[in-house]
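Each reported figure results from applying straightforward, stated rules to the coordinates on display, with no laboratory input. For clarity, every value in this text was computed on a predicted model and none was experimentally measured. Here the Cβ positions follow ideal geometry from the backbone for every residue, glycine too, while neighbour counts run over all protein chains shown.
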Amino acid sequence: MTALIRAEQVSYSYPQRGMVLDQADLSLYAGEKISLEGSNGAGKTTLLNLLVGLNKPKAGSIYAFGKQRMVEADFIEVRSKAGFLFQDPDDQLFCPTVLEDVAFGPMNQGKTPIEAKAISLDVLDCLGMAGFEERVTHQLSGGEKRLVTLASVMAMKPEVLLLDEPSNALDKEARLRLIEVLQSLPQAMIIISHEPSFLEALATRRTRLEGGKVLDV
Amino acid sequence: MPQFLEHSMTSWRGQEVEHQLSIVDQFDPRARIITALVFAIVVVFSKTLWLPFLGLLLAFTFALSASLHIKRTLRRVIAMDMFVLLMIIMLPFTMDGTALFHVFGFAASQEGFIHAIAIALKANAVVLALLALVGTLEASVLGHALAKLYVPEKLVHLLLFTVRYLDVISREYKSMRKAMKARAFVPRNNLHTWRSYGYLIGMLLVRSLERSERIYAAMKCRGYCGKLYLFDTMSWQVRDTCLLVIITVFAVFAIFSGAYAA
């Protein structure tokens, strides 16, 4: 079985922070929910960025959905198949209303407005956010914002989910709700998180980023 | 209750909207924008005094039918009138014409005085009409309506992004300000204060820049390729056409009344 997404011997360094990834390997197979743990600044977000081509590795290669991905044009397809949930929901929700934000991805995938609207309403309903479509994005609560960003990613029907600290700043109730939603999703996931309880509920395999390498825990 | 234009600034105290749904809210946003625009042009270019006065009466009608919050509206109009007042004081002395009276040997001209009054009437009429017709729109609705009126897409996006992130940036500002206070910062007129404010503003700019990069990355992740898509539920109705007819009649009447003759 080939991996859905694979990073092979990738290295990345920042001018100020120095080497954060040093020939790291990571593979994600269908049906897996991998945790990616590690201290602050270990390069967890950087690794996810490399996987969808937001940063380019200094060395090593990225394979995704059966092909090696090298240049920006390759990654456009990857981004459409690998839904990336950002750490801060405010970075992701930029449209005035919830519906427009959720429909943004499907429209970019070439859906007609009517299709995109139908998909969006469907996804919102699945995540228990029906009735939120006319709400103004910046007036939502933290937990609502998180679920709307998840909806906006799910609306693109991704095969893989990359979640960057999804439970960040959520209260207990919102966190339980998020766990429930994520458990019900069939997609393979990489989950960055610092919370043991959150990961115990979700992860099928646990990895840790340390010294620039991904280690199995 | 709908969230109105000023609602994006709820963080500034006293801006919270308690706006009752009014007659004006029943009109299509596009009709309201066009009406406000035509009204402004008609009033601003007039060369007589009676037309701006008529305009002011009309603007009052708009304001009444929009059931504007009196206190808040007054505060805004007065803020603008401070500038107008300064101009009324200055203009009679800077324009040539028949002298009305003298102050310290400077002549105040009748023409200047009339001119100043005309400007005051025009400014108040236009601001009042804008507050009543456009100011009661929710900001995102305003963006959508402008897009529908073929305003360049880039400008509309700029407006929508501003509305979206104004609140985020102001929250960031306030949290940093709180963090400063928590470490016993009290603004004084000294170098330390000014430097700290400099850092604050600088940090705000840096954070905004970084945030904009993250937003762009998030948009790319969802396949952004230079286009935003807007959904809306505006529907043009007979009363919107009526509103346009009324404002057109007003414009035609203004033109034929000779208000623009030199």
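Using the C-alpha gyration tensor of chain A, what are the square roots of 5 times its eigenvalues, in whole angstrom, with the largest one first?
Taking √(5λ) for each eigenvalue gives 28, 20, 16 Å, largest first.
Out of A:Glu100, A:Glu72, A:Glu133, any idea which swings most in a Gaussian network model of chain A, alpha carbons joined below 10 Å?
A:Glu72
Determine the dipole magnitude for the protein assembly as shown: charges of +1 sit on the beta-carbon of Lys and Arg, -1 on that of Asp and Glu, nothing else is charged, the reference point is the Cα centre, and the result goes in debye to the nearest 20.
Using only the charged Cβ atoms, the result is roughly 980 debye.
Based solely on its DSSP helices, what 222 nm [θ] is calculated for chain B when runs of n ≥ 4 H residues each add -39,500 (n - 2.57) and the sum is averaged over all residues, nearest 500 deg cm²/dmol?
Per the formula, -22500 deg cm²/dmol.
If each DSSP helix of 4+ residues adds -39,500 (n - 2.57) and the sum is divided by the residues in chain A, what number results at 222 nm, nearest 500 deg cm²/dmol?
About -11000 deg cm²/dmol.
Using alpha carbon centroids, what distance separates region A:44-73 and region B:210-262, in Å?
Going from one Cα centre to the other spans 41 Å.
In whole angstrom, how long is each semi-axis of the equivalent ellipsoid of chain B, when you take the square root of 5 times every eigenvalue of its Cα gyration tensor and sort them from largest down?
Output for chain B: semi-axes of 39, 30, 17 Å.
Per the Debye formula with a single identical scatterer at each Cα and no solvent contribution, what log10 I(q)/I(0) holds for region B:152-221 at q = 0.13, 0.15, 0.22, 0.24 Å⁻¹?
Taken in order of the listed q values, log10 I(q)/I(0) reads -0.51, -0.63, -1.00, -1.10.
So what's the net charge close to B:Val127: Lys and Arg +1, Asp and Glu -1, counting the other residues with Cβ under 14 Å from its Cβ?
Charge balance near B:Val127 sits at +3.
Per the Kirkwood definition applied to all pairs of different Cα atoms, how many angstroms is the hydrodynamic radius of the protein assembly as shown?
It is 26.3 Å.
Could you tell me how far the Cα centroid of region B:72-142 sits from the Cα centroid of region A:174-216, in Å?
Taking the Cα centre of each part, region A:174-216 and region B:72-142 sit 63 Å apart.
Using the charge dipole of chain A (Lys, Arg: +1 at Cβ; Asp, Glu: -1 at Cβ; taken about the Cα centre), state which of A:Val10, A:Leu99, A:Leu150 has its Cα farthest towards the positive end.
My answer, from the dipole projection, is A:Val10.
Mind listing the phi-derived Karplus ³J(HN,Hα) values for region B:172-186, rounded to whole Hz, using 6.51, -1.76 and 1.60 with θ = phi - 60°, and x for any glycine or proline?
4, 4, 5, 5, 5, 5, 5, 4, 5, 4, 4, 9, 6, 7, 10
Which of B:His192, B:His157 has the fewest other C-beta atoms within 10 Å, and how do the rest follow up to the most?
Fewest-to-most ranking of B:His192, B:His157: B:His192, B:His157.
Using +1 on the beta carbon of Lys and Arg, -1 on that of Asp and Glu, and nothing else charged, what's the dipole of region A:5-216 about the Cα centre, debye to 20?
520
If you plug each phi of region A:140-149 into the Karplus form 6.51 cos²θ - 1.76 cosθ + 1.60 with θ = phi - 60°, what whole-Hz ³J(HN,Hα) values come out, in order, with x for Gly and Pro?
So the Karplus estimates, Gly and Pro as x, are 7, 7, x, x, 5, 4, 4, 5, 5, 5 Hz.
Work through the residues other than B:Met80 whose Cβ is under 14 Å from its Cβ and net out their charges, Lys, Arg +1 and Asp, Glu -1.
Cβ neighbours under 14 Å give a net charge of +3.
What are the residues whose amide H is under 5 Å from the amide H of A:Asn55, where those residues sit 5 or more places off or on another chain and H is modelled from the backbone?
Hits under the 5 Å cutoff: A:Leu50.
Just checking the output field for A:155-162: average partner chain Cβ neighbours within 10 Å of each residue's Cβ?
Taking all residues of A:155-162 together, the mean is 1.
Under the rule of at least 5 residues apart or a separate chain, name every residue whose amide H is placed under 5 Å from the amide H of A:Lys213.
A:Asp22
Between B:Cys242, B:Tyr165, B:Pro92, whose Cα lies farthest towards the positive end of the dipole of chain B when Lys and Arg beta carbons carry +1 and Asp and Glu beta carbons carry -1, centred on the Cα centre?
Going by the charge dipole, the pick is B:Tyr165.
Please list the non-local residues whose amide H lies under 5 Å from the amide H of A:Ala188, H modeled 1.01 Å from N, same-chain partners needing a gap of 5 or more.
Amide H neighbours of A:Ala188: A:Gly31, A:Leu161.
Can you work out the Karplus-derived ³J(HN,Hα) for every residue in region B:92-106? Use 6.51 cos²θ - 1.76 cosθ + 1.60 with θ = phi - 60°, whole Hz, and x for glycine or proline.
Karplus values, whole Hz, x for Gly and Pro: x, 8, 9, 9, 7, x, 5, 6, 8, 8, 10, 10, 6, x, 8.
Please state the charge dipole magnitude for region B:26-125, taken about the Cα centre, from unit charges on C-beta atoms (+1 on K and R, -1 on D and E), reported in debye and rounded to the nearest 20.
Roughly 480 debye, rounded to the nearest 20.
For peptide A:144-151, what's the mean number of Cβ atoms from other chains within 10 Å of each residue's Cβ?
0
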